[in-house]
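Values in this text are rule-based calculations from the coordinates and carry no lab data. Remember, predicted model here, so these are calculated numbers, not experimental data. Note: ideal-geometry Cβ built from the backbone for every residue, glycine included; neighbour counts use all protein chains shown.
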Amino acid sequence: MKLTLAFLFVISTSILYGQTTITLFPDQAETKINKEIYGHFAEHLGRCIYGGIYVGENSDIPNTRGFRDDVTGALIDMKIPLLRWPGGCFADTYNWKDGIGPREERPSMVNVHWGNVTEDNSFGTHEFLEFCELINAEPYINVNVGSGTVREASEWIEYVTSSNISPMTDLRKKNGREEPWEVKYWGIGNENWGCGGNMTPEYYADVYRNFASYAGGAEYKIACGASDFDYNWTDVLMSKMQSKKNLMQGLSLHYYTVTHDWAKKGSATDFDEEEWFTTLSKTLLMDELIQKHSTIMDKYDPEKRVGLIVDEWGNWFDVEPGTNPGFLYQQNTLRDALVAGINLNIFNNHADRVKMSNIAQTINVLQSVILTKDDEMVLTPTYYVFKMYSVHQDATLIPANIKSGKYEIEGKSIPTINASASSKNGVVSITLCNLDPNKSENIVISVPQGEFASASGQVITAENMNDFNDFGERESVSLMEFNVPKPKDGKLAIELPSKSVVLIQMK
Ligand code: AHR
């Protein structure tokens, strides 16, 4: 057998340093990682909007035009690039005209999907778009297909985006906004196979064509895509849009990590290693899902014109004891940081097809980046992952060959290391997750022909796998400096702590 020098290097370094080797190929980097992959989702659900983002101008909580100052600052610091609104299931019950004009005149409605609470519509289109301007995020609006009409959707798009003279633009001006907003992304329905109307894919595809035909002002139209492993939905949508390609720019996919099953999802904070392992294994399925949905999309769209938009993802646990079951409030531990890190690495690595993703949901709902209680705010471990990974926004994906060790438990195993890499402005950034909660992992990163003068790092880890940040307590999980040696001859040897998310930057 002929041993190449590279092969000898891999063998010798594995003996010397341990189990994982990562080889990066910056010379093959060509795919942009859209900043929109780091997008978020805010629905009228529980305390995401009210109490989370918006407290009203008369609140004692420091605010700017009703938007919480602490939350606004934290989202800006995290570099939030995009926000999806108003749902979710709520979107297909929403009448946008109830949420414009003088607040005291706005009618109320019942939020039937989320606790049957009264929605007073004080946060509507203007508030959402003003908030996006404040946090410097692109807006992504989801129109109502399930219970709304084509005309309502078309008028909403006109109200927001048109600079023509029309009844809708006159109404917008009357409500205080002279110039149109720039809203590129529009979702046409949400989960129309379920809460958005229980439609078949064939029926929804026809409905979509109808809505999209009157959505001229919507530059990037996103069709409702599949849930999880429903490959037939993707196939039918792609096939039925073949003759009307210009009507669909994106197709969504929803996949939540549910540790057990929907009836008993498990606790966000009280779990053992078996549950840790199951949660991470189920998160890794995102890679298979994207591959398989992409393969179907490739059949109809080999030039990858249509983006796969993972507009809902994240951990879904049982609600915190004593909280409203309809509000989906859950805590967020180091396990959530790993789940975020793994998913974001997977999206980066599929950046040729995945053009946007939105974690569910920004504040106080499911896998949040921020939790609030009255005037207090907590930044979750997931927040710190988004902050750390912001280096990948609009960077160029570097293909990587990862030979990972295995994390084993009771005869089952998954790769110990999950990673992705990108380059921007001459800096190579690698984000790595060590899925093993017990053992650190020795890793050799090599860049053939690479010459780097220095390297730096950041780490998110904690003493226990279920550590979390809580109100009134010192943070248990945050972003810390990670010492890395100087790279030599394009190689860097590091020891990745157990249960950690790490960023290495070389330049
Ligand atoms: O994010 C919570 C809910 O999950 C959304 O409203 C819905 O789209 C999905 O089922």
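Let me know the charge dipole size of the chain about its Cα centre in debye, to the nearest 20, where only the beta-carbon of Lys, Arg (+1) and Asp, Glu (-1) is charged.
1680 debye
Mind pulling the angle between the C-alpha long axis of helix 150-161 and the longest principal axis of the chain? Nearest 10 degrees, somewhere in 0 to 90.
Roughly 70 degrees, rounded to the nearest 10.
Regarding the chain, what whole-number volume in Å³ per residue does the convex hull of its Cα atoms give?
So the per-residue hull volume is 157 Å³.
I need the peptides 167-179, 192-204 ranked by packing, meaning the mean over residues of other C-beta atoms within 10 angstrom, with the highest value on top.
The densest-packed peptide leads the list: 192-204, 167-179.
Calculate how steeply helix 5-17 sits against the longest principal axis of the alpha-carbon atoms of the chain, using the helix alpha-carbon long axis, and give the answer as 0 to 90 degrees to the nearest 10.
Computed tilt is about 90 degrees.
In Å and from the alpha-carbon atoms only, list the Rg and Dmax of region 354-446.
In Å, with Rg to one decimal and Dmax whole: 16.5, 48.
What is the packing order of peptides 319-328, 363-372, 138-147, 111-120, taking the mean over residues of other C-beta atoms within 10 Å and listing the highest first?
Order by mean packing, descending: 363-372, 138-147, 111-120, 319-328.
If you line up the long axis of helix 69-78 against the longest principal axis of the chain, both from Cα atoms, how many degrees apart are they, to the nearest 10?
40 degrees
Output needed: Cys residues of the chain lacking any neighbouring Cys C-beta below 4.7 Å, sorted by number.
Cysteines lacking a close Cβ partner in the chain: C48, C132, C224, C433.
What does the highest-first list of 57-67, 32-42, 250-260 look like by mean Cβ count within 10 Å?
Peptide ranking by packing, descending: 32-42, 250-260, 57-67.
When a/c reaches 1.5 or more, the comparison of a/b and b/c decides; with that in mind, is region 38-108 rounded, prolate or oblate per its Cα gyration tensor?
oblate
How much length would be gained if the chain were fully extended between Y231 and D489, taking 0.36 nm per residue of separation minus their Cα-Cα distance, in nm to one decimal?
Additional length available on full extension: 88.3 nm.
Kindly provide log₁₀ I(q)/I(0) values, in the same order as q = 0.18 Å⁻¹, from the Debye equation applied to equal alpha-carbon scatterers of region 353-507.
-1.20
For the chain, what does -39500 (n - 2.57) per DSSP helix run (n ≥ 4), summed and divided by total residues, give at 222 nm, in deg cm²/dmol to the nearest 500?
-8000 deg cm²/dmol
As I understand it, the dipole of the chain uses +1 on the Cβ of Lys and Arg and -1 on the Cβ of Asp and Glu, about the Cα centre. Which of A493, P381, G87 lies farthest toward its positive end?
Farthest towards the positive end: A493.
Provide the gained length on full extension for the span T64 to K299, in nm with one decimal, where the gain is 0.36 nm per separating residue minus the Cα-Cα distance.
Once the chain is fully extended between T64 and K299, it gains 79.7 nm.
What is the sum of charges, Lys and Arg at +1 and Asp and Glu at -1, for the other residues whose Cβ falls under 14 Å from the Cβ of K79?
It works out to a net charge of -1.
Among Y38, S281, V236, which residue has its Cα furthest toward the positive end of the charge dipole of the chain, with +1 on Lys/Arg Cβ and -1 on Asp/Glu Cβ?
Value: V236.
For the chain, give me the percentage of DSSP beta bridges that are antiparallel, rounded to the nearest 5 percent.
Rounded to the nearest five, the antiparallel share is 60 percent.
If you take the Cα atoms of region 195-266, find Rg, then find the Kirkwood Rh from the mean of 1/r over all pairs, what is Rg/Rh?
Ratio of gyration radius to Kirkwood radius for region 195-266: 1.06.
Work out Dmax and Rg for region 337-394 from the C-alpha atoms and quote the Rg first, both in angstrom.
In Å, with Rg to one decimal and Dmax whole: 12.5, 42.
Over all directions, the average projected area of the alpha-carbon convex hull for region 286-330 comes to how many nm²?
Value for region 286-330: 4.3 nm².
Beyond 20 Å, how much of the Cα-Cα pair distribution for region 143-224 remains, as a whole percent?
35 percent
Report the convex hull volume per residue for region 306-372, counting only C-alpha atoms, in Å³.
Measuring per residue, one finds 80 Å³ for the Cα hull of region 306-372.
Evaluate E = 1/(1 + (r/R0)^6) for F25 and N464, where r is the Cβ-Cβ distance and R0 equals 35 Å; express this FRET efficiency to the nearest 0.05.
So the FRET efficiency works out to roughly 0.40.
Is there a quick way to get the dipole size of region 208-362? I mean about its Cα centre, with the Cβ of Lys and Arg at +1 and of Asp and Glu at -1; what is the value in debye to the nearest 20?
1020 debye
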